[in-house]
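Step one of this worksheet: look at the structure below.
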Amino acid sequence: MSKNSECSVNSEHQQRETSLVDPFGRHINYVRLSVTDRCNLRCTYCMAEEMTFLPKQQILSLEELRDSARAFVELGVRKIRLTGGEPLIRRDIVKLVASLSAMSGLDEVTMTTNGLLLPGLAQPLKDAGLARLNISLDSLKAARFKQLTRVGNLDDVLAGIDAATAAQFRKVKLNAVILAGFNDDEVVDLAQFAIDKGMDISFIEEMPLGEIDSHSRVNTQIASGRLQTKLGDVFNLTASSDVTGGPSRYWQVANSESKIGFISPMSNNFCDSCNRVRVTAEGRLLLCLGNENSVDLRQVLRSYPGDIQRLKTTIRSAIEHKPERHYFDSEHVDIVRFMNMTGG
Ligand code: SAM
Ligand code: SF4
């Protein structure tokens, strides 16, 4: 073999060792890591009213979360989003953020939260290195917020949003799941709220994850396109080329700092550009939100503690089975796990 072809074989080998590419040529560089399935809210579209949560010993420990993150980063993952359940109810969350932020090779640690505990945690999280935050806010009406979350107080989330602003994260974005007949009349108000705060906001279509009894998802489904028309009547929107590594498609609001995003898993399949996988709180590597294929990383973590190489081999072979796309249908719940288990 000539020196040149030896070099190219070596570099191909190196690239294979340090990147994750699925059978459809998609590069996986983003992991959503769920740190708990528990939550201090009970949003109707996310959970049933009565939930059974995992026993604590089944949840990945801080060390196991770190080892999983290390393996992904060595395989080319550049962004980790911490989620849940509610990530802020995990006692060691600031420690976890600090250790992930210090991990060489990782560009960004971000988080999705309901915001309730941010008044006490925003600054410690910022100091620990958390770059960006997504805060969920589905209504600006207190009674409706309580109805949607079953137990939440709107003022607590608003205080959380203010605390996040004061802590000066690189970016704070709002997320709103829109349900027809529940909060679709609030999209303009929610967008205006985000604009006034200088934040971006994404509107999310409800996905049929887990069997719920509060409403029928067929009746509450509303396509992003309809929301966009409504918003376009009030705001001057131009398509933005901005990408954040997530599934939102953004529109810039004229004369403002804010962008409006749409996450449309039901009406506009975005699987062809999927760059992410999820790890559930009990350490299942989920290859796709809308399929049940998963691989048990906890078994590897607990049988071979600290063996990053073995984890990497498990992850690499799992990625070879990443499905091409999801086939969500709001009339059928094919996916029995709830979103709090999945890690949104
Ligand atoms: N507890 C945190 C929160 O609410 O932001 C993080 C976890 S939550 C599962 C992540 C995101 O998923 C939230 O923005 C939530 O609104 C969204 N979500 C939950 N269930 C959903 C569903 N069935 N369809 C679409 N989005 C959902
Ligand atoms: Fe909790 Fe988030 Fe699910 Fe609401 S959406 S119940 S805050 S995990």
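The values are calculated or read from the model by the stated rules, or taken from the named source; none is laboratory data. Predicted model only: the values in this text are computed from it and were never measured. Note: ideal-geometry Cβ built from the backbone for every residue, glycine included; neighbour counts use all protein chains shown. In case anyone asks, the SASA skips ligands and DNA or RNA and just uses the protein heavy atoms, side chains included. Shrake-Rupley method; radii C 1.70, N 1.55, O 1.52, S 1.80 Å.
So here's what we get for this one:
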read-out: The range 245-295, residues that are more than 24 Å from residue 210 (Cβ to Cβ) and among the basic types (Lys, Arg); value: 249, 259
read-out: Residue identified as of a type in the set (D, E, K, R) and either farther than 25 Å from residue 56 by Cβ or under 15 Å from the mean Cα position of the chain (by Cα) (or both) among 92, 127; value: 127
read-out: Residue list for the range 78-95, filter: in a loop (DSSP other than H, G, I, E, B) and either aliphatic (A, V, I, L, M) or buried (at least 22 other Cβ atoms within 10 Å of the Cβ) (or both); value: 84, 85, 86
read-out: Residue count for the range 154-169, restricted to those that are open to solvent by 50 Å² or more (accessible area, probe 1.4 Å) and not in a helix (DSSP H, G or I); value: 1
read-out: Of all residues in the range 162-190 being farther than 17 Å from residue 224 by Cβ and touching a Leu at 6+ places or on another chain (Cβ under 7 Å), the one that is farthest from ligand 1 (Cβ to nearest atom); value: 189
read-out: Residue within the range 211-233 that is within 16 Å of ligand 2 (Cβ to nearest atom) and hydroxyl-bearing (Ser, Thr, Tyr) present; value: yes
read-out: Selected residue (only one of 169, 203 is of a type in the set (Phe, Trp, Tyr) and more than 16 Å from ligand 2 (Cβ to nearest atom)); value: 169
read-out: One residue from 172, 177, 187 being touching a Phe, Trp or Tyr at 6+ places or on another chain (Cβ under 8 Å), under 27 Å from residue 123 (Cα atoms) and open to solvent by less than 40 Å² (accessible area, probe 1.4 Å); value: 177
read-out: Answer from 183, 114, 175 - the residue that is within 14 Å of ligand 2 (Cβ to nearest atom), over 21 Å from the mean Cα position of the chain (by Cα) and on the phi < 0 side of the Ramachandran plot; value: 183
read-out: Answer from 86, 49, 64 - the residue that is more than 16 Å from ligand 2 (Cβ to nearest atom) and on the phi < 0 side of the Ramachandran plot; value: 64
read-out: Residue satisfying condition, being at pLDDT below 95 and open to solvent by less than 40 Å² (accessible area, probe 1.4 Å), within set 113, 52, 44; value: 44
read-out: Cross-chain or 6+ apart pairs with Cβ under 6 Å, the range 213-226 first and in contact (Cβ under 8 Å) with a residue 24 or more places away in the chain and within 14 Å of ligand 1 (Cβ to nearest atom), then open to solvent by 70 Å² or more (accessible area, probe 1.4 Å) and not aromatic (Phe, Trp, Tyr); value: 218/331
read-out: Residue match in the range 16-24 (condition: hydroxyl-bearing (Ser, Thr, Tyr), in a loop (DSSP other than H, G, I, E, B) and either crowded, with 19+ Cβ neighbours inside 10 Å or at pLDDT 95 or above (or both)); value: no
read-out: Residue in the range 39-89 that is farthest from the chain's Cα centre (by Cα), counting only those that are under 24 Å from residue 136 (Cα atoms) and of a type in the set (Ser, Thr, Tyr); value: 52
read-out: Conditions (1) modelled with pLDDT of 95 or more; (2) part of a loop (DSSP other than H, G, I, E, B); number of the one not met by residue 327; value: (1)
read-out: Residue count, the range 118-153 (criterion: among the aliphatic types (A, V, I, L, M) and crowded, with 19+ Cβ neighbours inside 10 Å); value: 10
read-out: Output for the range 53-78, where each listed residue is in contact with a strand residue (DSSP E or B) (Cβ under 6 Å, 6 or more places away or on another chain) and within 16 Å of ligand 1 (Cβ to nearest atom); value: none
read-out: Enumeration of residues in the range 191-212 that are within 14 Å of ligand 1 (Cβ to nearest atom) and of a type in the set (Val, Ile, Thr); value: 201, 204, 212
read-out: Residue within the range 240-256 that is open to solvent by 30 Å² or more (accessible area, probe 1.4 Å) and touching an Asp or Glu at 6+ places or on another chain (Cβ under 7 Å) present; value: no
read-out: Failed item in (1) within 30 Å of residue 22 (Cβ to Cβ); (2) in contact with a Ser or Thr (Cβ under 9 Å, 6 or more places away or on another chain); (3) part of a loop (DSSP other than H, G, I, E, B), with residue 69 passing the rest; value: (3)
